[in-house]
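For reference, the structure discussed in these notes is given below.
The values are calculated or read from the model by the stated rules, or taken from the named source; none is laboratory data. These figures come from a predicted structure and were not determined experimentally. Glycine also receives a Cβ, built like all others from the backbone with ideal geometry; neighbour counts cover every protein chain displayed.
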Amino acid sequence: MVSTHPPADTNSGQTTARSQGMVFFVGAGPGDPGLLTLWAAECLKKADCVFADRLVHPEILKFVRPGATIIRLEHHYSGVSGCQGVSFRNRQDIVRWMIAEAQQGKIVVRLKSGSPEIFARQAEEQALLRQAGVPYKVIPGITAGLAAAAVAEIPLTDSDHSSAVALVTGHEKSSKKGSRLDYEVLAKFPGTLVFYMGVSTAQQWSEALIRGGKSPGTPVAIIYRCTWPDQKILRCQLGNLVETIAHHGVKAPAIIIVGDVAAA
C-alpha cells in the first residue's frame, strides 16, 4: 500500500489528517494518466473532496473513490459521475472552499496539472492555508516541460550543447508592474530555455531574446498538449516562431523549448 504521507509519519499522519482535515497539493502530470504517480493515485483514492484543474485528464479522476466530491475548476466537465463544473472569480474563493472542507475533518486534494510547485501559483494557496491553520502536504508530479522534452526526444541537458536548464514563464502575473525577467540575461543563458504558457506572448519574448543577443536561427520545438492523444510537435527557429504558431494554429497549452538541443 502506498501511503499518502512520507514513511516517517505514515501512521500518525493518517490519523491526524483524518481527525483535523488536511489539504494535499497533488501533481497530476502533463496529461496521460499513465504518468500519474502511485503516491498521487493513493491520495485520490483516500480523498473526500477533490478540486481538479481543468487541464487534468478525465481518466485520472476515475481514481477518486465513489462518494467523494469532485469539483472541476473553471471548466464544466460531465465525463465523471458526480463531478461539478464550477467557475470562480478569483483564487481566494477556491482556497476558502478548500479550507471550509478541511475544517470539517475532510481529506482535500487540490489536483493540479503538471507538478504543483512549477508555475501553478501554489505559494499563494499555501499562504492562505497557513493563515487558516490548515495543514497541507505536496505530492509532486511530472511537470509538462520535462514530459514535453521526453516525447519530442529532446535532451534538455547535453555535454556538448547545454549544461543548464531554465524554466521560464511566458505569462507573468498581470498585477506586476512590468516584467521581472531580464531577457538579455536569458539570451545569454548557457543552456536550454523551456517556456511555459508562452504561446500568446511568443512575439514579445522571442523578440526580446533576439534583441538581447539570441540568434534568430536558434532551434525551437513547440510541443502542443504533450502526452494527450492530439499531441503535436513542431520545429522551427526563434526568428520564425510567431509565424509557425500562426500557421499551425497553435494554442495553449504548449511547451516551447529554445536551444541547440531542440534541433531536429
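Below is a table of values for the structure above.
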| item | result |
| --- | --- |
| Test: residue in the range 187-199 that is out of contact with any strand residue (DSSP E or B) (no Cβ under 6 Å at 6 or more places or on another chain), outside the structural domain of GLU124 (by TED's automatic domain parsing) and among the aromatic types (Phe, Trp, Tyr) | no |
| Residue satisfying condition, being assigned by TED's automatic domain parsing to the domain that holds ILE233 and of a type in the set (Lys, Arg), within set ARG180, ARG96 | ARG180 |
| Pair list, Cβ under 6 Å, 6 or more apart: the range 34-61 residue assigned by TED's automatic domain parsing to the domain that holds ARG72 and hydroxyl-bearing (Ser, Thr, Tyr), other residue assigned to a strand (DSSP E or B) and surrounded by fewer than 24 Cβ atoms within 10 Å (Cβ to Cβ) | none |
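Every residue, every condition in (1) at pLDDT 90 or above; (2) under 25 Å from LEU128 (Cα atoms), yes or no:
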{"site": "LEU38", "(1), (2)": "yes, no"}
{"site": "LYS46", "(1), (2)": "yes, yes"}
{"site": "LEU61", "(1), (2)": "yes, no"}
{"site": "GLY67", "(1), (2)": "yes, no"}
{"site": "ILE70", "(1), (2)": "yes, yes"}
{"site": "LEU73", "(1), (2)": "no, yes"}
{"site": "SER78", "(1), (2)": "no, no"}
{"site": "ASN90", "(1), (2)": "no, yes"}
{"site": "ILE99", "(1), (2)": "yes, yes"}
